[in-house]
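Each value in this text was obtained by applying a stated rule to the coordinates, not by laboratory testing. For clarity, every value in this text was computed on a predicted model and none was experimentally measured. FYI the Cβ positions are ideal-geometry reconstructions off the backbone, even for glycines, and counts take in every protein chain you see.
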Amino acid sequence: MTSAEIITIGTEILLGEIVDTNTRYIARTLRSMGVDLYRTITIGDNVDRIASAISHSLERADFVITTGGLGPTIDDPTREAVAKAVGLQTEFREDLWEQVVETISRYGRTPSENQKRQAYVPQGAIGVRNPVGTAPCFIVEKQISGKTHAIISLPGVPNEMEHVLHESVIPYLQKTFCLDEIIKVRVIHCSGLGEGMIDEKIADLETLSNPTVGLAAHTGVVDVRITAKAKTEAEADALIAQVEA
């Protein structure tokens, strides 16, 4: 069973200036890979708080995905926070700087001096190419009790994050954590009965471990969610069908 946590970084999210769509996208992607998502967190642009959150996430989960904070400005703190979380310094990487220069040059511009910040990553990090943006991504591996854990830092810009997630991160996760399961969800929409009444009727199903059954109330509708984990989609469908019957 492989587990993960997601940390979205950006004071603008906490202030309600933008909506975090990255968490939902990553969560659905991890679900399709059979990864158990334990927790999602949003933190402002503060090195100490980000580092603390990463450290605690690594105590619970096999890997942590961060989004945001990889830009060239002083208030883009993810690189320093990840390094602090694992007790490392940051280092300038010429190969990552070449990526930054190449990307900016495609737009006919010359990199500014502050953009060199984007080529600094925690010592020994695995560089991850970002072909659709200027911010290189990176992966830091840490051995905990003889087992590989990882921090994967992605851009906050959604189209950049999605591209790197599919092109680089998913293959890395499949190889590193030997992912061979899927999680499938089926939702049954119920109307005419309240959440409490439905709970009374299916209480025994809500104690199952695989598939699990949960309720979510909306205006005029109650959703019954059946979630199954299996090696194949067909096996997951069979588990769900047993509950539906």
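Listed highest first by mean packing, meaning other Cβ atoms within 10 Å per residue, what order do 74-82, 173-181, 48-56, 19-27 come in?
74-82, 48-56, 19-27, 173-181
Which order do peptides 96-104, 219-227 fall in by mean Cβ count within 10 Å, highest first? Each step should come with its number before you reach the end.
On the way: 96-104: 17.7, 219-227: 15.1.
For the peptides 96-104, 219-227, the packing ranking is 96-104, 219-227.
Give, in nm to one decimal, the length gained when the segment between D75 and Q174 is fully stretched (0.36 nm per residue of separation minus the Cα-Cα distance).
Going from the current span to full extension adds 32.4 nm.
Give me the base-10 log of I(q)/I(0) for segment 3-177 at each q in 0.09, 0.10, 0.12 Å⁻¹, Debye formula, one uniform scatterer per Cα, rounded to two decimals.
Here log10 of I(q) over I(0) equals -0.27, -0.34, -0.50.
May I ask you to derive the relative contact order of segment 183-244, considering only C-alpha pairs under 8 Å and at least 6 residues apart, and to give it as an integer percent?
Relative contact order comes out at 40 percent.
Under a plain spin-label model, where a point goes 7 Å from the Cα along Cα-to-Cβ, how far apart in nm are Y38 and L193?
Here the answer is 3.5 nm between the modelled labels.
What FRET efficiency comes out for the pair H218/R60, r = Cβ-Cβ distance, R0 = 25 Å, nearest 0.05?
Efficiency at R0 = 25 Å is approximately 0.25.
Say R0 is 30 Å: what FRET efficiency, to the nearest 0.05, do V101 and I144 get from their beta-carbon distance?
It comes out at approximately 0.25.
Roughly how many debye, to the nearest 20, is the charge dipole of the chain about its Cα centre, given +1 on each Lys and Arg Cβ, -1 on each Asp and Glu Cβ, and no other charges?
So the magnitude is around 360 debye.
Express as a percent, rounded to the nearest 5, the fraction of DSSP beta bridges in the chain (both residues included) that run antiparallel. Write down the numbers at each step before the final one.
On the way: 29 of 46 bridges.
Among the beta bridges of the chain, antiparallel pairing accounts for roughly 65 percent.
If the chain between L205 and L88 were fully stretched, how many nm would it gain, using 0.36 nm times the residue separation less the Cα-Cα distance?
Gain on stretching L205 to L88: 37.4 nm.
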